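The values are calculated or read from the model by the stated rules, or taken from the named source; none is laboratory data. These figures come from a predicted structure and were not determined experimentally. Reconstructed Cβ throughout: ideal geometry from the backbone, glycine too, with neighbour counts over all protein chains shown. Side chains are part of the model used for accessible areas, which takes the heavy atoms of the whole protein and leaves out ligands, DNA and RNA. Shrake-Rupley method; radii C 1.70, N 1.55, O 1.52, S 1.80 Å.
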Amino acid sequence: MNTATIDNSIQSRKNLLLNHPLYNKVKTIEDLQCFLENHIYAVWDFMSLLKALQTKLTCTTTPWFPTSNPETRYLINEIVLAEESDLTLDGRHQSHYEMYIEAMLDSGANTKAIEDFLSEVNSLQNIFVAIKTSNLHPNIKAFLDFTFRVIEEGKPHEIAAAFTFGREKLIPSMFTEILKNFKTNFPESNLDKLIYYFERHIILDADEHGPMAMKMITELCGDDAQKWSDVEEVSILALEKRIGLWDAIEETIMQNVQLA
């Protein structure tokens, strides 16, 4: 088994994501704001997957000792650099989460819910309790719970699977086109940072992070059939949770439309 085999085995679920009815439901600025206010949780927990991999594959404590695989050490450190300290539209350095938050504010979306949630996570010092007691949609809770279960219980190759195959890199290109249409139809809305965020993801995923993450999976699994099987299982579950997230956002948008 290899990364191409995994890619093929998860193709049907990727197709469900790429053809999800959610995309056609984002028709107004209010719909877009609703999408952003719910999708932000996936942007945030991705950063936790990233840091979990860095913790597993590099030495982040003192005294420092070299880890066993210099190649995976290099790959994850390169990805962390861009994800945690990327160049913003106006030339500053921010994490992709912070870039997304700024883009939300520019578009008129509300960031209070995610900020309150992170405050609760910090206060409780228990991510699972914070998720369970939150007012989030059940599918978003399930999405977050899966991510942090993988982080807490998973081996490096399983965390890498959720990181690599569980975050569909084709989706940003779809939203870039949607946002460009919004920019034309709703010129009063400031979507420059949001478009930049998605376009930046497309460039990084296609040219750098995608190939790096695939190589990282290959390095971690080697010729171990069980590890490849684990990667396939985690990847399928991750995509199913993402489909559930998309279902939740679509449902929320449609509820808001009915209430309007």
- request: For Phe182, state whether it is part of a helix (DSSP H, G or I), in contact with a Ser or Thr (Cβ under 9 Å, 6 or more places away or on another chain), aromatic (Phe, Trp, Tyr) and under 18 Å from Gln33 (Cα atoms).
  value: yes
- prompt: How many of the residues making up segment 78-112 are in contact (Cβ under 8 Å) with a residue 24 or more places away in the chain and assigned to a strand (DSSP E or B)?
  reply: 1
message: Which of the numbered conditions does Asp145 fail, given that it passes all the others? Conditions: (1) assigned to a helix (DSSP H, G or I); (2) surrounded by fewer than 21 Cβ atoms within 10 Å (Cβ to Cβ); (3) modelled with pLDDT under 95.
response: (3)
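Quick one: which residue in Glu115, Glu177 is over 15 Å from the mean Cα position of the chain (by Cα), part of a helix (DSSP H, G or I) and within 22 Å of Leu16 (Cα to Cα)? Quick ask: steps written out before the conclusion?
Details: Glu115 fails: within 22 Å of Leu16 (Cα to Cα).
The unique qualifying residue is Glu177.
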- prompt: Does Lys169 fit the bill of being at pLDDT below 95 and closer than 30 Å to Gln226 by Cα?
  reply: yes
- prompt: Looking at segment 176-208, which of its residues are among the aromatic types (Phe, Trp, Tyr), crowded, with 19+ Cβ neighbours inside 10 Å and under 16 Å from Ala109 (Cα atoms)?
  reply: Phe182, Tyr197
message: Looking only at segment 36-72, filter to residues that are more than 21 Å from the chain's Cα centre (by Cα) and not in a loop (DSSP other than H, G, I, E, B); which one of those is nearest to Glu208 (Cα to Cα)?
response: Glu71
message: Restricting to segment 234-254, give me the number of residues that are in contact with a Cys (Cβ under 7 Å, 6 or more places away or on another chain) and surrounded by fewer than 21 Cβ atoms within 10 Å (Cβ to Cβ).
response: 1
- prompt: Taking segment 16-26, which residues are open to solvent by 60 Å² or more (accessible area, probe 1.4 Å) and at pLDDT below 90?
  reply: Asn19, Asn24
task: From the list Val231, Val257, Val150, pick out the single residue that is more than 15 Å from the chain's Cα centre (by Cα) and open to solvent by less than 70 Å² (accessible area, probe 1.4 Å).
output: Val231
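Okay, residues lined up against (1) within 26 Å of Ile203 (Cβ to Cβ); (2) among the hydrophobic types (A, V, I, L, M, F, W, C):
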| site | (1), (2) |
| --- | --- |
| Phe46 | yes, yes |
| Leu50 | yes, yes |
| Leu53 | yes, yes |
| Cys59 | no, yes |
| Phe65 | no, yes |
| Thr72 | yes, no |
| Arg92 | yes, no |
| Tyr100 | yes, no |
| Asp116 | no, no |
message: Please go through segment 5-53 and give me each residue that is closer than 29 Å to Gly154 by Cα and either among the small types (Gly, Ala, Ser) or free of Cβ contacts under 8 Å to residues at least 24 places away in the same chain (or both), ordered by number.
response: Asn8, Ser9, Gln11, Ser12, Asn15, Ala42, Ser48, Ala52
message: I'd like to check something: does segment 55-76 contain any residue that is surrounded by fewer than 18 Cβ atoms within 10 Å (Cβ to Cβ), among the polar types (S, T, N, Q), over 25 Å from Leu239 (Cα atoms) and touching a strand residue (DSSP E or B) at 6+ places or on another chain (Cβ under 9 Å)?
response: no
query: Do we find that Ala103 is touching a Lys or Arg at 6+ places or on another chain (Cβ under 6 Å) and crowded, with 19+ Cβ neighbours inside 10 Å in this structure?
result: yes
